[in-house]
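Student: Have a look at the structure that comes next, please.
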Amino acid sequence: MTETRSTCPYCGVGCGVIIESAGAQITGVRGDPEHPANFGRLCSKGSTLHLTAAPLVQQQARLQQPMRRAQRGGALQSVEWNVALDEAASRLAAIVERDGADAIGLYLSGQLLTEDYQVFNKLGKGLIGTNNVDTNSRLCMSSAVAGYKASLGADAPPCNYEDIGLARTIFITGSHMAWAHPVLYRRLEDAKAANPSLKVIVADPRRTETAAMADLHLQLLPGTDVVLHHAMLHVLLWEDLVDRAFIAAHTSGFEALRDRVREFTPAHAAKVCGLKAEDIVTAARWFGSHTPTLSLYCQGLNQSTSGTDKNTTLINLHLATGQIGKPGAGPFSLTGQPNAMGGREVGGLANLLPGHRDVANTEHRAEAAKLWGVPELPARPGKAAVEMFQAAAADGQIKALWIVCTNPAQSLPDQAMVRRALERAEFVILQEAYRATATAAYADLLLPATGWGEKEGTVTNSERRITRVRAAVPPLGNARHDWVIARDVAQRIEARWGRAASLFAYADAEAVWNEHREATRGRDLDITGLNYPMLDAVPQQWPCREGEAEGRQRLYEDHRFETADGRARFHAPAWKAPAEPRSAAYPVSLSTGRLRDQWHGMSRSGLVGRLFAHSPEPCVQMHPQELERRHWRAGELVRVHSRRGSIVLPVQADEAVPPAQAFIAMHWGSEYLGGLGVNALMPPNACPQSKQPELKHAAVRIERAVLPWQVVGAAWLPASAWFDQRELLRERFAAFGSAGYASCVPFGREPERIGLLFRAASAAPLPDALTPIEAALGLHEGAVLRYADARAGQRRAMLLSDDGALQAFLLAGDAQAQGWVLDLLQQGLPAAAFGRALLAASASAPQAAAPRSPQVCSCHDVSEARIVATLQTCTGHPDERLRQVQKTLRCGTECGSCLPAVKTLVQRHAAVAEPA
Ligand code: SF4
């Protein structure tokens, strides 16, 4: 077995991993105990990475050969790399020659390595001559970028992870950290355990597990963060908790802000935010007096039409109290994606150039042109992510889209517009590791990219720490590295345009990185003191200038900021409500966000059945009172309408979601759900400064969906075939149309078989739709028990395996029996003795069986019911009972992602009385 140090490819915590491999096969993964981001810990996603790299999974799900379509909607045919690269280069170049450089759009990803980004950025801005190079980081971090630059002069998070253990107050705002950044949340738990006086404040419209564990939960109304921040500053001023010496010596613009916040009394803010005035006062007091104070924030601030204002007004609080540039203090944005930071460093956004330079700055353009060896760089502003697709959809300004390592047909808002753009674009290239993303259906050319465990390069995490990513195994099939594909297309375009000396003569990833390093010389992120061998030894934070032995832990310790006068800038924006206020027609505020065990569009995490156990199926969550008021049952199908479209989903009761609000996980795209997925609902409106769209708020109407004809089917399928069967079932979604419902998700935790659960519903029977569904579930052959009543639209089929367990089933028409039949199948309970009673259309099983309880611990498959039952036997204070439960069931002892949920159960279920 070989061990290779690398990183987790999911979130911006940037955990170090040790990949175990044998030959060309990844066999295991564990946390790197020496990596300073995680010290050996991994969450539920990171600790199952090796399962996504299992041979049967890879062979089915990965794109392994370049493919092309002769015409849209046609079948894909494999082609040789030379043919694919020639076609990419010649068609892109021809479009530039005919329509100009701005007819090209490159849409990249925060999952790319810094080296990939560097080559694509140079190809777009330096060779082709367009600033239309943007990334899905625009959906994630661009408000944080704009906020840091506006307030501190540079896109540079000033803090590091150690500050979590040094702070005395931690203000978590717009972040469900326990699920979105789990390993960092473990540090917060450690900090609280070591220092019980640590104050944790969470501002979030939902009572998430992060909020439930806080000392103070500010359950504000969506989009009112600026009001809360202004009101906290009002209190800080009123109670003289500001640092006047710091303000006078190191900042500018305070007077305008002081005037602005005068009207934001706690009483006024309480009304606007839906909070108690005294809670705002408490939060401000802790922030200003129980110091040092650290703020941790993420998409709740960023994904907003006032995202930049939310960021700058939070930074205002740190500047006003001097809580920056010292241990345990500062505004610390948690990066969503693993290398959104690296992308920002190389200038991989439409408004940026290498080394934190700006397209809009003439000097910066000249410097970057010199670094790249081109006469000049384009001054025309580039189109940000949503604008790029709008330009392709509306007036055809963008003719070619080269999409790299991202899935815009799932993740961008206003999916109807995005799909129009993909249909209308003359040439769509998709460069991907996975073959079945929603975007793949629109590609003229698919280029297979290497994936996790195969790539070489670097990434930068939230705390500015650069880590080497190393290949443990060779590329699968004919996949190639992203930067290599970009280089090879670039060199073909150079040849066509008669360029003698190539700008892209890189021998390896290190050569690309060295070019990037030079672009940082003299800049705030200067890394001229680093090289690959140093990074091989220890991951390093930037900056690390030439001659320095290690990177800098914290920024602004000298209180000089990256502005022209060295002073940080206060900003005093007025409050703006979300783009779509609730109205009589759309009375519910819908928000989107992460699930604990999934990642983005699930092209990788969706390959592991066990990662579905915690949140098994798509749903819309609403407060139980909302269901009661509307006379809805949990699980009933509802239609969610926004101004842009509608989707049908089961509704679930969740006390975490306040009344008049709803929540849908961001992951559910058309790969898992009929229609265009959750982002069909979300608006394209964006923050004017950061251009980040408002993925956290849409005004919606939710109505009961009257779809009485229901289909529920499930099957255990061999691990060697499940993915193709899933794709066949996904093709069946269309039969139920946009008026109906359809979904398909995997389940199970055994290596040799995967379960698939298919659901659909329509207003009237669709008997013709059933045969292919039965075939995909393996119900077309063997000794299948059947019942059918064609006139009544009823059909039921059951297949038992040799050991008498249920292997597959389908219920169509009356699906009342779905609960117990699905339990029989998923729990592998003996079913043969039921005989034809299995075909009964009854809501209760012929023999009582315990219903399946929600899973809490993914690592050890521990359900809520088992934890609650064990707690009945536990004694002592909550920490003691937690220890007893963990000792008995092992829940929360592996990756720790479920610990907040286990602790909640411990708190909820009282201790048994101690014997006298
Ligand atoms: Fe990966 Fe989890 Fe670490 Fe994020 S917290 S980098 S998802 S292991």
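Student: Which of the GluC sites (Glu not before Pro) across the stretch 212-279 are loop residues per DSSP, with 13 or fewer other Cβ within 10 Å?
Tutor: Here the GluC sites (Glu not before Pro) that fit, given the DSSP loop and packing criteria, are Glu239, Glu263.
Student: Grab the eigenvalues of the alpha-carbon gyration tensor for the stretch 404-525, scale each by 5, take roots, and send me the semi-axes largest first in whole angstrom. Numbers along the way, then the final one.
Tutor: Values: eigenvalues 150, 84, 59 Å².
Listed largest to smallest, the semi-axes of the stretch 404-525 are 27, 20, 17 Å.
Student: Let me ask something else. Grab the DSSP H runs of the chain that are 4 residues or longer, score each as -39,500 (n - 2.57), total them, divide by all residues and round the 222 nm result to the nearest 500 deg cm²/dmol.
Tutor: Numbers: 31 runs with 280 residues, N = 916.
Result for the chain, helices only: -8500 deg cm²/dmol.
Student: While we're on this one: In what sequence, largest accessible area first, do Arg244, Arg517, Arg260 appear using a 1.4 Å probe? Before the final figure, lay out the partial values.
Tutor: On the way: Arg244 120, Arg517 50, Arg260 75 Å².
From most exposed to least exposed: Arg244, Arg260, Arg517.
Student: While we're on this one: Would you mind counting up the charge near Asp134? Only other residues with Cβ under 10 Å from its Cβ, with Lys and Arg at +1 and Asp and Glu at -1.
Tutor: Working: positive: Arg138, Lys383, Lys691; negative: Glu387.
Result for the neighbourhood of Asp134: +2.
Student: How many Å² of accessible area per residue for the stretch 128-177, probe 1.4 Å?
Tutor: Values: 620 Å² over 50 residues.
Value returned for the stretch 128-177: 12 Å² of accessible area per residue.
Student: Let me ask something else about it. To make sure I understand the rule: partners must be lysines, Cα under 17 Å from the Cα of Lys370, and not fewer than 8 residues away in the same chain. Which ones qualify?
Tutor: Candidates past the 8-residue exclusion: Lys122, Lys125.
Student: Okay, next question. With a 10 Å radius around each residue's Cβ, average the other Cβ atoms per peptide and rank 489-498, 518-527, highest first. Let's see the in-between values first.
Tutor: Working: 489-498: 17.5, 518-527: 19.6.
Output ranking for 489-498, 518-527: 518-527, 489-498.
Student: Once the other residues with Cβ under 10 Å from the Cβ of Cys405 are scored (Lys, Arg +1; Asp, Glu -1), what is the net sum?
Tutor: Details: positive: none; negative: Asp116, Glu432, Asp482.
The answer is -3.
Student: Return one whole number: the accessible area per residue of the stretch 786-916 in Å², for a 1.4 Å probe. Spell out each step's value before the answer.
Tutor: Details: 6530 Å² over 131 residues.
For the stretch 786-916, the solvent-accessible area averages 50 Å² per residue.
Student: Same structure, new question: Sorted from largest down, what three extents in whole angstroms do the Cα atoms of the chain have along their principal axes?
Tutor: Largest first, the chain extends 82, 80, 59 Å along its Cα principal axes.
Student: List the pairs from Lys149/Lys399; Lys576/Lys903; Lys271/Lys696; Lys149/Lys383; Lys696/Lys903; Lys192/Lys276 whose alpha-carbon separation is above 30 Å, in the order I gave them. The partial results should precede the final answer.
Tutor: Working: Lys149/Lys399 32 Å; Lys576/Lys903 37 Å; Lys271/Lys696 21 Å; Lys149/Lys383 20 Å; Lys696/Lys903 28 Å; Lys192/Lys276 25 Å.
Pairs exceeding 30 Å: Lys149/Lys399; Lys576/Lys903.
Student: Considering the Cα positions of the stretch 787-916, please state its Rg to one decimal place and its Dmax as a whole number of Å.
Tutor: Radius of gyration, then largest Cα-Cα span, for the stretch 787-916: 19.7, 67 Å.
Student: Quick one: which residues, 5 or more positions from Val638 or on another chain, have an amide H under 5 Å from its amide H? H modelled 1.01 Å from N in the peptide plane, none for Pro or chain starts.
Tutor: Close amide H contacts, sequence-distant or interchain: Leu649, Val651, Ala705.
Student: Report ³J(HN,Hα) in whole Hz for each residue of the stretch 744-761, in order, from the Karplus equation J = 6.51 cos²θ - 1.76 cosθ + 1.60 where θ = phi - 60°; Gly and Pro get x.
Tutor: Computed from phi, the couplings for the stretch 744-761 are 8, 9, x, 8, x, 9, 9, x, 8, 8, 10, x, 10, 10, 10, 10, 7, 7 Hz.
Student: Got a number for carbon plus sulfur as a percent of the chain's accessible area, 1.4 Å probe?
Tutor: Details: 16070 of 31280 Å².
Carbon and sulfur atoms account for 51 percent of the accessible area of the chain.
The values are calculated or read from the model by the stated rules, or taken from the named source; none is laboratory data. Please read all numbers here as calculations on a predicted model, not as lab measurements. We place every Cβ from the backbone using ideal geometry, glycine too, and count neighbours over all the protein chains shown. What goes into the accessible areas is simple: the full protein's heavy atoms, side chains included, and nothing from ligands, DNA or RNA. Shrake-Rupley method; radii C 1.70, N 1.55, O 1.52, S 1.80 Å.
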